[in-house]
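A.B. asks: I'd like to ask some things about the structure below.
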C-alpha cells in the first residue's frame, strides 16, 4: 500500500465549513488548515448541529486528516494592555472550544507581540494566558502549536530559545508543540537553503526545543533574504529559500512524516501544482546532491 504523503494548504471555508475538505481533495491535499471563524472578528460564529454533522461527513468522504486551525489575527496573548489581553484570552478560549467541537487536531497560533513592553514580560504573559485554558485543554483532541515568527516588529517567537521557554513552562499543563513556518524561520535568521543548512538548523531545534515537540510545517518560500525579519511569503522555488529545503523536508526521516500546509501566494492558482510538486519530492531518495 502506498504511503500517504501529508501535504495540503490553507483552505477557504466560504459557504460553510463542510465545503473545505472537498476543496482540499480537489487540489490533491491530504491535510488542510482552516479558519474556524472569521479571522478578523473577535466573536466567532456559533456552529450548529447540522453544520457539525456535515463537517464530519465531509472529512470521512474525502479522507482529509491532520486538520489544523489558525487562530484569529486579532489575538495577542502577550499584550501588555489589559483590555486587549482580556479580549485575546476570551477569543482564544472560544477558538479552542470550536476546535474541540470539530475534532481538529491542531490549533496554530502566533505566540504574541510585546508592543510597548519588554520581550521577557511578553513571554511570561503568553505563558499566563496559555495556563488560563488548562481546564479546557483536555476536553478535546486539539493540540496547541506555537508558530515560529519572522521577528517582524515587536512579535516574539522568532528564536528557538523563546519558544523553548514557553514550552518548558506550560508542557506539564496543556498539550503544546511547534509549527515551523519555513518563510518565518528563514527570515528570522535560520538558514534552510541547502541540505547541510537544514541539518544544522534542525539540530539546533532539537538541542534547544526537541524534535518531539515539532508537529507541523507551514510551507512557504521567502520574498526576503535570510535574516531580514520580514514576513513575505513566496511560491515554492520562487524565493530566496529555494527548492532544496522543500526536498529535504519531504524526504528526510526526521521531517517527512510531519504534516505540511502551504500558505504560498495565489493559492487557488498554484496550490494544486505545488501539492503535486511536494508529493513528487517525497518519492525520491534524499542525498547531498539534491
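A.B. asks: With the chain treated as a Gaussian network of Cα nodes joined by springs under 10 Å, which of 220, 235, 76 yields the largest mean-square fluctuation?
C.D. replies: Between 220, 235, 76, it is 235 that shows the largest mean-square fluctuation.
A.B. asks: When the Cα centres of segment 148-178 and segment 211-290 are compared, how far apart do they sit, in Å?
C.D. replies: A separation of 21 Å, based on Cα centres.
A.B. asks: Which order results if 73, 281, 248 are arranged by neighbouring Cβ count within 10 Å, fewest first? Mind showing how you got there, number by number?
C.D. replies: Numbers: 73 10, 281 21, 248 24.
Going from sparsest to densest Cβ surroundings: 73, 281, 248.
A.B. asks: Restricting things to Cα coordinates, could you compute the convex hull volume per residue of segment 5-131 in Å³?
C.D. replies: About 108 Å³ per residue, rounded to a whole number.
A.B. asks: Something else about it: Largest first and to the nearest Å, give the Cα extent of segment 60-126 along each principal axis.
C.D. replies: Cα extents, longest axis first: 48, 19, 16 Å.
A.B. asks: OK, next. Return the Rg/Rh value of segment 57-184, two decimal places, where both radii are evaluated on C-alpha atoms and Rh is the Kirkwood radius.
C.D. replies: With Rg and the Kirkwood Rh in hand, the quotient comes to 0.97.
A.B. asks: Now a separate question. Could I have the simple spin-label model distance between residue 252 and residue 81, label points 7 Å from Cα toward Cβ, reported in nm to one decimal?
C.D. replies: Placing both labels 7 Å along Cα→Cβ, they lie 4.0 nm apart.
A.B. asks: Could you pull the Rg and Dmax for segment 13-58, using just the Cα atoms, both in Å?
C.D. replies: 11.3, 32
A.B. asks: Given the options 269, 95, 161, which has the most mean-square fluctuation in a GNM of the chain, springs set between C-alpha atoms less than 10 angstrom apart?
C.D. replies: For the chain, modelled as a Gaussian network with Cα springs under 10 Å, the answer is 269.
A.B. asks: What is the distance, in nm, between label points placed 7 Å from the Cα along the Cα-to-Cβ direction at residue 132 and at residue 115?
C.D. replies: Computed distance between label sites residue 132 and residue 115 equals 1.3 nm.
A.B. asks: Restricting things to alpha carbons, find the Rg to Rh ratio for segment 209-290 using the Kirkwood radius for Rh.
C.D. replies: 0.96
A.B. asks: Checking a compactness column here: for segment 128-178, what do you get for Rg(Cα) / (2.2 N^0.38 Å), N being the number of residues?
C.D. replies: On the way: Rg = 11.7 Å, N = 51, 2.2 N^0.38 = 9.8 Å.
Cα Rg divided by the expected 2.2 N^0.38 Å: 1.19.
A.B. asks: Most exposed first by the Cβ proxy, i.e. fewest other Cβ within 10 Å, how do 85, 96 rank?
C.D. replies: 85, 96
A.B. asks: Run the numbers for residue 12 and residue 51: contour at 0.36 nm per residue of separation, minus the present Cα-Cα distance, in nm.
C.D. replies: 12.5 nm
A.B. asks: Once the cut-off is 30 Å, how many percent of the Cα-Cα pairs in segment 7-282 end up in the long-distance tail?
C.D. replies: The calculated P(r) of segment 7-282 puts 25 percent of pairs beyond 30 Å.
A.B. asks: Need one number: nm distance between label points at residue 3 and residue 269, each 7 Å from Cα along Cα→Cβ, rounded to one decimal.
C.D. replies: Calculated label separation equals 3.4 nm.
Here, each number is a calculation from the coordinates, and none is a lab measurement. Treat the numbers as computed from the prediction; the structure is a model and nothing was measured. So basically every Cβ, Gly included, is an ideal-geometry build from the backbone, and we count neighbours across all protein chains shown.
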